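Q: After the structure tokens below, expect a handful of questions from me.
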Amino acid sequence: MSRYDEAARAAAEALVPTVIESVEFRKVALPLRSPFRTSFGTQHVREVLLLKVTIPGAEGWGEVVTTAAPVYSSEYTDGAAHVLEHHVLPRIGAVETVTAHGLAELLRPLRGHRMAKAALELALLDAQLRVAGESLATHLGAVRDRVPCGVSIGIPAGGIPQLEEQVRAYLEDGYLRIKLKIEPGFDVAPVTAVRETFGRDLPLQVDANSAYTLDDLAVFDALDELGLGLIEQPFGEERILDHARLAERLDTPICLDESILDAAGAIDAIELGATSIVNVKAGRVGGYLEAVRVHDACAAHDVPVWCGGMLETGIGRAANVALAALPNFQLPGDTSASTRYFAEDVTEPFVLEDGHLAVPTGPGIGREPDPRFLEQITVDVRTLTV
């Protein structure tokens, strides 16, 4: 048994099996400070399904990181709510007790729907850790008390001039790395402009969100000349061999996001030469416990990871910051301060200090939703007994 397996077993054994008494489904609509555009669409409001799990002695919160429509992946918010209500909760109700560490195995017969499962796992883990008096960061194996932060910049309506203004502003805020969203027609020219304006020392990477194919090699040849830290997810999530072919062609590292659905998939992609850096998103891989396994698998293959983001509220951001404090998270993540996206967050805001966010130290995720603000942004709420 590896040291990673031993640590995971010890963490699992620290939590006492419990009964889930109820699950609250709360859909909120949180206005973004400015539109966020990627190759798959523009968001003006972040519609989020929050879950509150009640167990004897505690409540815990989780966040479904789906988008409203199935554009980032096949999952979407209303679909996640349906799966949770009609398929996930009945399976939990059929057993006497559960633990967050046993949830994945219990739900294994249900194919896919990783973001829905991840949110419930986080809510249950938050509740169980509150009972145990342990922070999520400690439970996952964090080794830092703060994490370095980068920022993801969407495709601006105002083109290159607006993009350069945004980069300048975020650097003045203290962000340690800039990531630019790209799509066909908005790629080489804007990235070149940012590189020329801010210099070769700026930590700079690009994210294509699966918008390209091997017919676009000329674009990547040009980007390869710009000294980027990485090119993220250029091709569709299933195109692992295409990513391997591109990786062999370029000096710039290829980073996979949408393609990595679990630890086994990460190992396959690494061994096929399709990626040399991995973006870890807990929702995409089915939960924070599987995210730790992805982290561990990459560490065993000497592949660094970083923490991606899905425009999370303070609930999901708290969990992401805890995850990003693990040792193999070697690059600044898309964790960002609350004010990057929201004028007001659902929890105490995360504040950037010297390019870093502090890791919550309280029990569970270490953050509590603000009931007043939560009510203001709630679109729908209902509670189901289990």
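Q: Let's test the formula: R0 of 35 Å, r as the Cβ-Cβ distance of Glu21 and Arg111. What FRET efficiency results, to the nearest 0.05?
A: It comes to 0.80.
Q: Where does the longest stretch of the chain lie that holds no GluC sites (Glu not before Pro) found in a DSSP loop with 11 or fewer other Cβ atoms within 10 Å?
A: It works out to 239-386.
Q: Hey, fewest Cβ within 10 Å first, where do Met115, Met310 land in order?
A: Result, fewest neighbours first: Met310, Met115.
Q: Using Cβ counts within 10 Å as a stand-in for footprinting exposure, how do His82, His113, His243 rank, fewest first?
A: His82, His113, His243
Q: Same structure again: For a footprinting-style exposure proxy, rank Asp126, Asp262 by other Cβ within 10 Å, fewest first.
A: Asp262, Asp126
Q: I'd like to know how the range 279-386 sits against the 2.2 N^0.38 Å rule of thumb: what's its Cα Rg over that expected value?
A: Cα Rg divided by the expected 2.2 N^0.38 Å: 1.16.
Q: Could I have the simple spin-label model distance between Glu172 and Asp354, label points 7 Å from Cα toward Cβ, reported in nm to one decimal?
A: Between Glu172 and Asp354, the simple spin-label model gives 2.3 nm.
Q: Treating the angle as unsigned and between 0 and 90°, give the value, to the nearest 10°, between the Cα long axis of helix 188-198 and the longest Cα principal axis of the chain.
A: The two axes meet at around 90 degrees.
Q: Between beta-carbons, use under 13 Å as the cut-off and find the net charge around Ser22, counting Lys and Arg +1, Asp and Glu -1.
A: Its environment carries a net charge of -1.
Q: Related question: Per DSSP helix of 4 or more residues, -39500 (n - 2.57); summed, then divided by the residues of the chain. What does that give at 222 nm, rounded to the nearest 500?
A: My calculation for the chain gives -10500 deg cm²/dmol from helical runs alone.
Q: For the chain, build the charge dipole from Cβ charges (+1 Lys, Arg; -1 Asp, Glu) around the Cα centre, then report which of Val23, Val88, Pro156 sits farthest towards its positive end.
A: Positive-end residue among those listed: Val23.
Q: Can you list the residues of the range 95-124 with backbone N under 20 Å from a point 7 Å past the Cα of His82, pointing along Cα to Cβ?
A: Output list for this probe position: 109-120.
Q: Once the principal axes of the Cα atoms of the range 138-358 are found, what is the range along each, listed largest first in whole angstroms?
A: 45, 40, 26
Q: Gap in Å between the Cα centre of the range 85-164 and the Cα centre of the range 337-386?
A: Each part's Cα centre sits 14 Å from the other's.
Q: If you don't mind, there's one more thing I want to ask. May I ask which of Lys27/Lys181; Lys52/Lys281; Lys117/Lys281; Lys181/Lys281; Lys117/Lys181; Lys52/Lys117 have a Cα-Cα span longer than 23 Å here?
A: Lys27/Lys181; Lys117/Lys181
Q: Around Ala318, what is the net charge, scoring Lys/Arg as +1 and Asp/Glu as -1 over all other residues with Cβ under 11 Å from its Cβ?
A: -4
Q: Starting from 0.36 nm per residue, how many nanometres of slack lie between Val45 and Arg249 once their C-alpha separation is accounted for?
A: That works out to 69.5 nm of additional length.
Q: Considering the alpha-carbon set of the range 70-189 alone, what are its Rg and its Dmax in angstrom?
A: 20.4, 59
Q: Let me know the Kirkwood hydrodynamic radius for the chain, please, with Cα pairs as the basis and the value in Å to one decimal.
A: In the chain this quantity evaluates to 21.0 Å.
Q: Oh, and also: Quick check: net charge around Ala193, other residues with Cβ under 15 Å of its Cβ, Lys/Arg +1 and Asp/Glu -1?
A: Charge balance near Ala193 sits at -1.
Q: A further question follows. Which one, Ala274, Gly366, Val303, is farthest towards the positive end of the dipole of the chain when Lys and Arg carry +1 and Asp and Glu -1 on their Cβ?
A: Farthest towards the positive end: Gly366.
Q: Give the Rg/Rh ratio for the range 183-237, taking Rg as the radius of gyration of the Cα atoms and Rh as the Kirkwood radius, to two decimals.
A: 0.95
Q: Moving to a separate point now. For the pair Val379 and Val71, what calculated FRET efficiency results from E = 1/(1 + (r/R0)^6), where r is the Cβ-Cβ distance and R0 = 22 Å, to the nearest 0.05?
A: Calculated value: 0.65.
FYI, it's all coordinate maths here, none of it is from the lab. This structure is a prediction, so every number in the text was calculated from the model and none was measured. When we count neighbours, we look across all protein chains shown, and the Cβ atoms used for this are built from the backbone with ideal geometry, even at glycine.
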